[in-house]
Every structure is written in structure tokens, then in C-alpha cells.
Amino acid sequence: MPKSPLLDQVGLPQDLRRLEEKDLPQLAAELRQETIDAVAVTGGHLGAGLGVVELTIALHYIFDTPRDRLIWDVGHQAYPHKIITGRRGRIRTLRAGGGLSGFTKRAESEFDPFGAAHSSTSISAGLGMAVARDLEDKKNNVVCVIGDGAMSAGMAYEAMNNAGAMNSRLIVILNDNDMSIAPPVGAMSAYLARLISGKTYRSLREIGKQLAAHLPKFFQQRALRAEEYARGMMTGGTLFEELGFYYVGPIDGHNFDHLLPVLKNVRDAEAGPILVHVVTQKGKGYAPAEISADKYHGVVKFDVATGAQAKSKSNAPVYTKVFAESLIKEARKDSKIVAVTAAMPSGTGLDLFQKEFPKRCFDVGIAEQHAVTFCAGLATEGYKPFAAIYLTFLQRAYDQVVHDVAIQSLPVRFAIDRAGLVGADGPTHAGAFDVAYLGCLPRFIVMAASDESELVHMVATAAAIDDRPSAFRFPRGEGLGVTMPEQGVPLEIGKGRILREGTKVALLNFGARLGETLKAADELAGFGLSTTVADARFAKPLDTDLVLRLAREHEVLITIEEGAIGGFGSYVMQTLADHDALDGRLKLRVMVLPDIFLDHDSPNAMYAKAGLDAKGIVKRVFEALGKDVAAETVRLA
């Protein structure tokens, strides 16, 4: 670890508060470099953290954390926060097995009062903490830092509306990091922010309100409106004022001379909810990240000197890109196909679609609920919407999936990315529950791609379904390297396939565990166990004939899926029970993700821990047969 004269003195925020204000710019430079050096080793989110270095220092310098609650929305910008809250020694374990989380995590530190990895939750959580504080007559502050991108989600405004109505003492920092809200900031705006956040101005404003209260109703309303418009012309923020927040800003989020006085003022204010509008630059202080903020939002390991990110050694295509290219091919043939994303155009591959079909691609912001119902509206008019949403984020829109899509049987196509375990992002981004919560909806078609070739065909299948909703899931990362079709061909609905014929053991795969399933079949063959490998393709409608045949012709039937209990395996068991096929002869086992939230690690390590790798499948077969793998290995040696 390189020597950092000031940062070496800061183990915890109380150490930071012993420094003089004039030393803070140097500390910021050292903290920024430490963040860059750490993420170069670990990979992770870079640009957002670099943009809030000064803000992070200023917040811990002014507020008495952890007594004062500091909540980071999403939490991906909290690496500098982790470094100065006792976790610098472990910062190079970020996102690795047994290491620090890439997001805030309550179990990790008392300085993380709320765990977050999804957007727009901070104000709701902070209001809950503020109300709990007031109920106990405590005096600590609650500070929520939310990015302006997160302000596109309705949940943030629901929370602000509630906070304004309750008039709770709550501080919200709006981190505006792409100038989407703020005009250019400078000395005058900083002066105005200090002025209106100060006690003198607030007192004069309160006196004005009290005087207006004695005027006739007509003049009272005019006086208050004039004051509001005057402040709006100077600073902006009328929307937040309408929600009941006292607006301060915009101020330069990289200038301590601007940050510290304003934060002191709002800390000492006796007012209700306050919003401080801070303008920052994403990737600040690292040239490659400043020039290309999107590419350095999330990074793999990289060279600090050049900014060059490590490249994959695999030649297999990435599932997300396969989806995007397949959808583009379908859209060339059908002008009714449109694509919708909720603020993840590059993450879902729809940036490629948008380049070719700019008028047929819609980014609705961080608003998954709106995205789903928006797609439903498009479907009513004969269009073929593909909602490309990460599985973990689709959970936020479940009511809309049920009420606005499923009940009306509208043909919205859900392209569900990041199915299964996702590695370094951990449990907040894992995709485990969709098969259970979509499969229970009447007439819903649920598919899972077992490899990249199957994904191409499932895109074509979804495009051809025009009488009901459908979903196809696929994992993060690279495919198996199989031969790719030139064009997708619609699959027969509800029909699986057999890849390998055997006589004793049947492995029925659903989803992207197919590669490990085939490896397990090879290992079982080495033990003399003739094994059938089947790929279900569909959880709903289920291939009943295939399931019954496998049960009838084999002694052992194992279902394998990268999802939670209640999904594909449960549907298989239901089918077998309905057909009186669960007799004493058949040894049936269902392999699902364990009933815990698995901590972040490499995907391979996580699947091994879950027992969903080839070794785990072989072990489960032997358990069904009442045998021990190790003993059989010794016997055959």
C-alpha cells in the first residue's frame, strides 16, 4: 500500500475530524488515488466513487457518524466511504469471496446503517430512521445521498412527498453528476447557497411567513408565492419546495469552501426536510474515467497508468450481446418490434439496438414499474415490446407484471438478464425468484436459455408469441462456445429436447447449468452409470410427455435449475404427482439454489457452494442411489 501522509492518519471519521480544513484537499487527492489503486486490483464501480470523494470527506467531517446516520443510495459510490470508516486494510478484497461488499452492508460496519444496491431507496429508509429518532426524542441527524439518476424513480418522490408532509428533520443530498439538473455553478451560486442555508435567512423567511399569516387570504397567498418565485429564480428547486423540502443549491461538490459552510448550516438547522443540490463530476480526478464515464462506471481489473481494462481470454460470446444482436435481426424483419429498458441501455445490450433503431428503443429511466406498464400499453396497440430488465430489478415491478400484463394476457416479452448467481455483485443482484413468481401466473410462458444458441431461438420464439406474455431468462457472462445459428427459429411451445440418451439416470436441466450437467453426465459414465441429459427449455408450459418419459424409463431423475425453491423442480413434482408417477421405484431429487442469500464470490465458487456444479450433481445422484462418491471412486480405482 503506497504511503499517504494524511490518509494514513485517518482510520475512522473521528480521526478525520481532527484535521484542519486546509488539509482536506490533500486528503481528497490521497483518498482518490487510493480508490483508483484499489479498484484497479479488484474491479468494481469506479466513476461514481471518484465523483464523491470531496463530498464523502465533507459529510464525515461535518456530521458525527455513525451517530448521525449516513445513507448512500445504491451504495456503489461508497468505496471512499469504506476506506475512511475502518475498512482501508480490506479495500483490496472488494467483491471477492470473504471480502468487502461492493455496496453498503449493515453486517459489515456500523457506518453502513442501511444496506443498498438497488436505486432510490435512501430517502424512504432515511425517513424511517428520522421518525424512529423522533419517537425516541433523540437529536441525531439523518443524511441521505442520492444520485440524480435515482431521482427518475417514483419511489424517491413518494418518500419526499411523505417527508414533506410529515415535516421531519431529514437532510437529502442530491448528487447531480451529469449536469442533468443544475445550471453552471460558481462563486455566486455558492454564495447564494450559503446565504439561504444560513440561520439569518431562514429566520427572516420565517418572519415573512408569520407576517403574511396576518394578511388577508388573497395577499397571504400572493406574498408566499412571490417569495417562492424569487428563490426559484435565484437557485432553482421549485419542485422540491412543492414537495415540502427546503432547497439549497446548486453548489460545487468538489470545493470544500462551498461544501463545508452549507453542510454546517443544514446540520445546525432546526427546519424540517432539507435538500442540498450538489454538482459533481463522475470519474473526477482520473482522466480515462472523466473522458468515458459510461465505460468506467463499472470496470474489471485495469492498468492505472493507461486505463486499459483486462480483456477476457474466452472466445465465447457474451449472453447480453447475443440477445441484443438476435433482437436486432428480428426487428429488421418486423417493424412492430420495439425495445424498452429502465436506465440500463448498455447493461442490457439495448444500446446496440438503439443505434440501429433509435425511434424504436425507449429508455424510461430507473422506473421498472412504469417500464412494464408502458410495454403493456404498447402491446394493446399491436406493437411487440421487449422489456429488457435485469432479473433482480424486475422484482420491483411485480404488481405491474401481474395486473397490467398477465391479467390482460398482453404479449409483452420479458428479456430477463442476470439470471442465477452473478458473482461479485452478490445477493442484491442475484436472479433467483422469477421462475417461481412468473410461473404461477396463468398463461405466462417461461423459458430459460441453456446456452447462447438457445438464446437466439428464444428471442425468435418470443417475437412470434402474440397472444400472451412470455419471458426468457439468461445469465450474466459468456456462453459455452457452441456453434451459433445465423438466424433464430421459433421453438415449439412447451417442448424440451434430449441431448444424450441413457438408461439409469436422467438429468433434466432448466437454464444455464447445462454445461455442468453434461460434465456430470461424463463423470457418471465413468462410474458406469448410463445417463440421459435433457434440456427442458420451458418451465411453463412444461413438457409433460418428456417429464413422464424420463420418470418412467430411469431409476433416478434429477432436476437442475439456478433458481429458488418453488420454481421448475416444483412444477415437475406437481406434474408427476398429477399423473401418479411418484411411485416408490423412482428416486426423484430437485436441485435448486440453497435457501440462503449467498455472499459475493466468483460465480464458479458460488455455484460450487450451492452444489450446482458438476461435482454437486454427481454427489446428488449418488445420494439418491444410497451410495457414497468417495467410496465408489476408491472401489473403481
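The values are calculated or read from the model by the stated rules, or taken from the named source; none is laboratory data. Predicted model only: the values in this text are computed from it and were never measured. Glycine gets a Cβ as well: all are built from the backbone with ideal geometry, and neighbour counts include every protein chain shown.
Selection within region 581-621: residues that are farther than 26 Å from residue 105 by Cα and among the acidic types (Asp, Glu). The member of this set that is surrounded by the most Cβ atoms within 10 Å (Cβ to Cβ) is 613.
The set of residues in region 286-319 being basic (Lys, Arg) and either surrounded by 16 or more Cβ atoms within 10 Å (Cβ to Cβ) or more than 25 Å from the chain's Cα centre (by Cα) (or both) consists of 295, 313.
For region 347-371, filtering for residues that are farther than 13 Å from residue 325 by Cα and either free of Cβ contacts under 8 Å to residues at least 12 places away in the same chain or in a loop (DSSP other than H, G, I, E, B) (or both) leaves 7.
A single member of 424, 448, 419, 432 is buried (at least 22 other Cβ atoms within 10 Å of the Cβ) and either over 22 Å from residue 571 (Cβ atoms) or out of contact with any helix residue (DSSP H, G or I) (no Cβ under 9 Å at 6 or more places or on another chain) (or both), and it is 424.
When 456, 446, 489 are checked against the criterion of being at pLDDT 95 or above, part of a loop (DSSP other than H, G, I, E, B) and closer than 19 Å to residue 319 by Cβ, a single residue qualifies: 489. Residue-level analysis places residue 28 outside the set of residues that are small (Gly, Ala, Ser), over 20 Å from residue 141 (Cα atoms), in the same structural domain as residue 173 (by TED's automatic domain parsing) and within 26 Å of the chain's Cα centre (by Cα). For region 297-314, does any single residue satisfy the condition of being among the charged types (D, E, K, R) and in contact with a strand residue (DSSP E or B) (Cβ under 9 Å, 6 or more places away or on another chain)? Yes, some residue in region 297-314 is among the charged types (D, E, K, R) and in contact with a strand residue (DSSP E or B) (Cβ under 9 Å, 6 or more places away or on another chain). Output yes when any residue across region 594-605 is touching a strand residue (DSSP E or B) at 6+ places or on another chain (Cβ under 6 Å), aliphatic (A, V, I, L, M) and assigned by TED's automatic domain parsing to the domain that holds residue 513, and no when none is. No; the residues of region 594-605 include none that is touching a strand residue (DSSP E or B) at 6+ places or on another chain (Cβ under 6 Å), aliphatic (A, V, I, L, M) and assigned by TED's automatic domain parsing to the domain that holds residue 513.
Give the residue that is farthest from residue 122 (Cα to Cα), with candidates limited to residues of region 267-283 that are assigned to a strand (DSSP E or B) and out of contact with any helix residue (DSSP H, G or I) (no Cβ under 7 Å at 6 or more places or on another chain). Among those residues, the one meeting the criterion is 279. On inspection, residue 426 qualifies as small (Gly, Ala, Ser), assigned by TED's automatic domain parsing to the domain that holds residue 342, in contact (Cβ under 8 Å) with a residue 24 or more places away in the chain and on the phi > 0 side of the Ramachandran plot. Looking only at residues in region 464-493 that are among the polar types (S, T, N, Q) and touching a residue at least 40 places away in the same chain (Cβ under 8 Å), the one that is surrounded by the fewest Cβ atoms within 10 Å (Cβ to Cβ) is 487.
The set of residues in region 494-512 being surrounded by fewer than 16 Cβ atoms within 10 Å (Cβ to Cβ) and not in a strand (DSSP E or B) consists of 495, 501, 503.
Confirm whether residue 131 is over 21 Å from residue 368 (Cβ atoms) and crowded, with 19+ Cβ neighbours inside 10 Å. No; evaluated as a whole, the condition is false for this residue. If you check 314, 335, 326 for being of a type in the set (Gly, Ala, Ser), part of a loop (DSSP other than H, G, I, E, B) and assigned by TED's automatic domain parsing to the domain that holds residue 376, only one passes: 335.
Name the residue that is surrounded by the fewest Cβ atoms within 10 Å (Cβ to Cβ), counting only residues in region 521-580 that are under 25 Å from residue 632 (Cα atoms) and among the polar types (S, T, N, Q). Across region 521-580, the extreme among qualifying residues is 530. Residues of region 255-278 that are buried (at least 23 other Cβ atoms within 10 Å of the Cβ) and either closer than 26 Å to residue 37 by Cβ or without any contact (Cβ under 8 Å) to a residue 12 or more places away in the chain (or both): 259, 278.
Would you check if there is a residue in region 528-537 being more than 31 Å from the chain's Cα centre (by Cα), within 18 Å of residue 517 (Cβ to Cβ), outside the structural domain of residue 453 (by TED's automatic domain parsing) and in a loop (DSSP other than H, G, I, E, B)? Within region 528-537, one or more residues are more than 31 Å from the chain's Cα centre (by Cα), within 18 Å of residue 517 (Cβ to Cβ), outside the structural domain of residue 453 (by TED's automatic domain parsing) and in a loop (DSSP other than H, G, I, E, B).
The helices (runs of 4 or more DSSP H) located wholly in region 1-116 that include 3 or more residues which are out of contact with any His (no Cβ under 9 Å at 6 or more places or on another chain) occupy 24-42, 53-62.
Out of 314, 346, one residue alone is hydroxyl-bearing (Ser, Thr, Tyr) and under 20 Å from residue 76 (Cβ atoms). It is 346.
Does residue 100 fit the bill of being touching a strand residue (DSSP E or B) at 6+ places or on another chain (Cβ under 8 Å) and crowded, with 21+ Cβ neighbours inside 10 Å? Spelling it out, it is not the case that residue 100 is touching a strand residue (DSSP E or B) at 6+ places or on another chain (Cβ under 8 Å) and crowded, with 21+ Cβ neighbours inside 10 Å.
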